[in-house]
Amino acid sequence: MTDIRVVETLRSASYEGVTLSFGTVDVTNQVVSFLRKRLGSGEVLGEEPLDLPPRELRTRSVWYTVPAEVLTQAGLEWADVPGAAHAAEHAAIGLLPLFATCDRWDIGGVSTALHEDTGECTVFVYDGHPGGAGFAERGYARGAAWLQATRDAIASCECTTGCPSCVQSPKCGNGNEPLDKAGAVRFLDAVLATGLATASAG
């Protein structure tokens, strides 16, 4: 379970309602259970609860917010938004190493249909190192190209509902649920259609 709070916005740029931001965040991560799986098949045998203390991380993040009217224009029902944003988040984490010279294990992400600090649907991708390591900042600087590449990678994948090559993540704390591959393409199309696709955050 991961919670993220905005501490300070250092830079931001708005594109017809969609806002791309970079700043300092507090990430709280707590492992609350683990899955028991059968060796070989990976069949889930059960879930065991854990009582571990939360881990706190102050770091840097890039994030973008998407207002409700943009989601509506994308043809996304409110119930579809969590899966679409989650899939877009995973794919963005997988693509950021092409723009920021990092490994996907160096970064993390959180997506939510309604974040309490922004008041809108928000996708965060943050540096997994205390104080930040520059990866999220590069993502902000290359935001248009990064999100366009993310959208194209999802759309061009030949799978039907999502796979490790596009929207599934090996380190997802929610067991890769919910994920909506088709919804993620519509979600990112709507984000990029606001003018972000041709802009440079600088």
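The values are calculated or read from the model by the stated rules, or taken from the named source; none is laboratory data. Since we're looking at a predicted model, the values are computed, not measured. Positions of Cβ are generated from backbone atoms using ideal geometry, with glycine treated the same way; all protein chains shown enter the neighbour counts.
Can you name every residue in region 120-132 that is in contact (Cβ under 8 Å) with a residue 60 or more places away in the chain and not hydroxyl-bearing (Ser, Thr, Tyr)? I'd like the intermediate steps shown before the answer.
Restricting attention to region 120-132, the residues satisfying the condition of being in contact (Cβ under 8 Å) with a residue 60 or more places away in the chain are 123-132.
If the condition is that a residue be in contact (Cβ under 8 Å) with a residue 60 or more places away in the chain and not hydroxyl-bearing (Ser, Thr, Tyr), then Val123, Phe124, Val125, Asp127, Gly128, His129, Pro130, Gly131, Gly132 are the ones that fit.
Name the residues in region 130-172 that are basic (Lys, Arg) and crowded, with 21+ Cβ neighbours inside 10 Å, would you? Full working, then the answer.
So the first thing to find is which residues in region 130-172 are basic (Lys, Arg), and the list is 138, 142, 151, 171.
Arg151, the sole residue that qualifies.
Would region 137-153 turn up any residue that is closer than 15 Å to His86 by Cα and at pLDDT below 95?
no
Would you mind finding the one in Leu52, Leu35, Leu76 that is at pLDDT below 95 and closer than 16 Å to Val191 by Cβ? Working first, answer last.
Details: Leu52 fails: closer than 16 Å to Val191 by Cβ; Leu35 fails: closer than 16 Å to Val191 by Cβ.
Sole residue among the options that is at pLDDT below 95 and closer than 16 Å to Val191 by Cβ: Leu76.
So which of Thr150, Thr161 is without any contact (Cβ under 8 Å) to a residue 40 or more places away in the chain, in contact with a helix residue (DSSP H, G or I) (Cβ under 8 Å, 6 or more places away or on another chain) and either among the hydroxyl-bearing types (Ser, Thr, Tyr) or not in a helix (DSSP H, G or I) (or both)?
Thr161
Would you tally the residues in region 176-202 being loosely packed, with under 13 Cβ neighbours inside 10 Å and either in a loop (DSSP other than H, G, I, E, B) or of a type in the set (A, V, I, L, M) (or both)?
Going through region 176-202, the residues loosely packed, with under 13 Cβ neighbours inside 10 Å turn out to be 177, 198, 200, 202.
Keeping just the survivors that are either in a loop (DSSP other than H, G, I, E, B) or of a type in the set (A, V, I, L, M) (or both) gives 177, 200, 202.
Total satisfying the criteria: 3.
For region 104-129, which positions are within 25 Å of Ala193 (Cα to Cα), of a type in the set (D, E, K, R) and surrounded by 19 or more Cβ atoms within 10 Å (Cβ to Cβ)?
Matches in region 104-129: Glu120 only.
Here is a list of conditions, (1) touching a Gly at 6+ places or on another chain (Cβ under 6 Å); (2) modelled with pLDDT under 95, and Leu96 meets all of them except one; can you say which number that is?
Just one mismatch for Leu96, condition (2).
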